[in-house]
Amino acid sequence: MYGPWEMAGAMRIALKYPERAAPDIRLGLTCGFDKCMQCGRCTASCPAAFKYDDYRPRDVMRKLQLGDRASLTDLLWRCGQCYSCASRCPRNNSVGAGILALREAAIAAGRAPPAINKVAALLRKNLYDRGETFLPSTFTFLGEFGPRTIKRCKDNRKRRVRLGFGRDDAHAHPVPDGAMREIRAILDMTWPGGDTCA
Ligand code: SF4
Ligand code: SF4
C-alpha cells in the first residue's frame, strides 16, 4: 500500500535512475492529494466519467487518500489526460497527473494490460526511430479510433506525399541527427526494461 504523499513524492519521470531524478514536475509543491475535500468538481468536468459508469476522478482521489492503489489498477486506463480536472480543482490537485504517474509505475512494473504495453512499445519505437511518438501509421494500428478515422488517415498519408511531406512523418524534414542522439540517450536511461528498442 502507498499513501498519496508517497505517490506524489516518489513517482519520477526517470524510472531507471529514480534516486538521481528530480521530483515529477507535474506534481507541484502546492498539489496535495491529502487536501482533496471531495467536492466533485473534477468529476463534473471529466469526459471519462461521462463515458464510463465506474469511473470518477473524485473516487480516484479518495482511494489515493486511503492508500488503496490496488483497486485502481483497471481504472487507471479510463482517463483521457485532458486535465479538465486540474483546471477546476479548488485545492490545486490534478487527478490526471496522479493517474499518469500511476500508469508509468504500472508499465515499469509490468502490471499494465497487454494492449497498453503494446501501444507503449510502439510509441517508444516511433520516438527512438524517428523522434516522434505518433506517426500517421500509428493511427492505423489503433483500431479503437474506428474505421472512418483509419481510412481518413490512410488517405492523408497519400496527400502528404503529394504535398512533399514524408509519407509517415509529421515533419517535412527528419529530426536532426544530434537531436536524435539525445532522444535515444534519454530513452536508454529512462525507459523501463533496458536500452534496446523492442
Ligand atoms: S476537484 Fe479537487 S478537491 Fe474537489 S474532489 Fe476533485 S480533486 Fe478533490
Ligand atoms: S485528465 Fe483524466 S481524470 Fe482529469 S478530467 Fe480528464 S479524463 Fe478526467
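Quick notes on this structure:
- Flag if V161 is in a loop (DSSP other than H, G, I, E, B), over 15 Å from the mean Cα position of the chain (by Cα), modelled with pLDDT of 80 or more and not hydroxyl-bearing (S, T, Y): no
- Hey, R130 crowded, with 17+ Cβ neighbours inside 10 Å, within 21 Å of T190 (Cα to Cα) and touching an Asp or Glu at 6+ places or on another chain (Cβ under 7 Å) or not: yes
- Test: residue in the range 12-21 that is away from ligand 2 (no atom under 12 Å from the Cβ), open to solvent by less than 40 Å² (accessible area, probe 1.4 Å), in a helix (DSSP H, G or I) and at pLDDT below 90: no
- Subset of the range 99-112 [of a type outside the set (A, V, I, L, M, F, W, C), without any contact (Cβ under 8 Å) to a residue 40 or more places away in the chain and in a helix (DSSP H, G or I)]: R103
- Where a residue in the range 44-69 is over 17 Å from R88 (Cα atoms) and in contact (Cβ under 8 Å) with a residue 60 or more places away in the chain and its partner, wherever it lies, is open to solvent by less than 70 Å² (accessible area, probe 1.4 Å) and not in a loop (DSSP other than H, G, I, E, B), with Cβ under 6 Å and at least six apart: L64/P4; L64/F33; Q65/P4
- Residue match in the range 30-40 (condition: among the polar types (S, T, N, Q), within 14 Å of ligand 1 (Cβ to nearest atom) and touching a Lys or Arg at 6+ places or on another chain (Cβ under 8 Å)): yes
- Failed item in (1) crowded, with 16+ Cβ neighbours inside 10 Å; (2) assigned to a helix (DSSP H, G or I), with E182 passing the rest: (1)
- Highlighted here are the helices (runs of 4 or more DSSP H) found entirely within the range 42-98 that include at least 2 residues which are away from ligand 1 (no atom under 11 Å from the Cβ) and open to solvent by 50 Å² or more (accessible area, probe 1.4 Å): 47-51.
- Residues satisfying the stated conditions in the range 137-151, i.e. part of a helix (DSSP H, G or I) and either at pLDDT below 80 or more than 25 Å from the chain's Cα centre (by Cα) (or both): F139, T140, F141, G143, E144, F145, K151
- Selection within the range 72-109 - away from ligand 2 (no atom under 11 Å from the Cβ) and under 13 Å from C42 (Cα atoms): P90, R91, N92
- In the range 158-175, the residues that are without any contact (Cβ under 8 Å) to a residue 40 or more places away in the chain form Cβ pairs under 7 Å with partners that are among the β-branched types (V, I, T) and part of a helix (DSSP H, G or I), at six or more places apart or across chains, as follows: R167/V161.
The values are calculated or read from the model by the stated rules, or taken from the named source; none is laboratory data. These numbers were taken from a predicted model, which means no experiment stands behind them. Counting neighbours? That spans all protein chains shown, and the Cβs are built from the backbone with ideal geometry, glycine included. SASA here: full protein model, heavy atoms, side chains in, ligands and nucleic acids out. Shrake-Rupley method; radii C 1.70, N 1.55, O 1.52, S 1.80 Å.
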